[in-house]
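The values are calculated or read from the model by the stated rules, or taken from the named source; none is laboratory data. What you are looking at is a predicted structure, and each value in this text was computed from that prediction instead of being measured. Counting neighbours? That spans all protein chains shown, and the Cβs are built from the backbone with ideal geometry, glycine included. Quick note on the areas: whole protein, heavy atoms, side chains included, nothing else; ligands and nucleic acids left out. Shrake-Rupley method; radii C 1.70, N 1.55, O 1.52, S 1.80 Å.
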Amino acid sequence: TWVMLTPSRFETFGMSVLQAMAHSVPVVAAKSPGTESLLSHGKNGYLTSHDDLEAMAENLTNILRSPELRYRLGENARREVTKGWLWNHRIPEWLQIYDELQ
């Protein structure tokens with residue numbers, strides 16, 4: 001049973017969160033620009049305030065106690081990654097921005 005806990009105050013992008021999501025691993029994370037761009041609270045993971053340790057523990061416990069919840073969050077997380085975060089989706093966008101800057 002895998003669950004990722006990311007209590008970091010600052011995640012500029014959240015590559016480790018994205019990698020966990022790609023492997024259907026549910027994530028409990030502190031709110032930051034990086035994690036908020038990836039996670040939808042209650043849909044594909046849980047977001048809490050970085051100083052709300054009780055909420056983090058409660059979310060983590062709920063995921064560990066419920067195989068159905070763990071599966072649903074993990075599958076939704078994987079779908080989110082395949083929908084728009086794979087390199088083959090991002091590289092054309094980056095190339096277009098690069099071309100516009102030239």
Open item on the list: With +1 assigned to the C-beta of every Lys and Arg and -1 to the C-beta of every Asp and Glu, and no other charges, what is the dipole magnitude of the chain about the Cα centre in debye, to the nearest 20?
Closed with: 360
Open item on the list: Suppose R0 equals 22 Å. What FRET efficiency, 1/(1 + (r/R0)^6) with r the Cβ-Cβ distance, do residue 88 and residue 2 give to the nearest 0.05?
Closed with: 0.30
Open item on the list: Computing the accessible area with a 1.4 Å probe over protein heavy atoms, can you report the carbon and sulfur percentage for the chain?
Closed with: 55
Open item on the list: Just to check I understand the Karplus step: with θ = phi - 60° and J = 6.51 cos²θ - 1.76 cosθ + 1.60, what whole-Hz values come out for region 53-58, glycine and proline as x?
Closed with: 5, 5, 5, 4, 5, 5
Task: Taking N as its residue count, the alpha carbon Rg of region 1-66 over 2.2 N^0.38 Å - done: 0.98
- [ ] Using only protein heavy atoms and a 1.4 Å probe, report how much of residue 56 is accessible, in Å² to the nearest 10.
- [x] 10
TODO: Please give the helix 87-101 orientation as an angle from the longest Cα principal axis of the chain, in degrees from 0 to 90, rounded to the nearest 10.
DONE: 40
Open item on the list: Using only DSSP helix segments of four residues or longer, with each worth -39500 (n - 2.57), what per-residue ellipticity at 222 nm results for the chain after dividing by its residue count and rounding to 500?
Closed with: -18500 deg cm²/dmol
Task: Heavy-atom surface of the chain, accessible at 1.4 Å and reported per residue (Å²) - done: 64
Open item on the list: Can you compute 3J(HN,Hα) from phi for each residue in region 30-41, using the Karplus curve 6.51 cos²θ - 1.76 cosθ + 1.60 with θ = phi - 60°, rounded to whole Hz and x for Gly and Pro?
Closed with: 6, 5, 7, x, x, 6, 5, 6, 9, 9, 10, 3
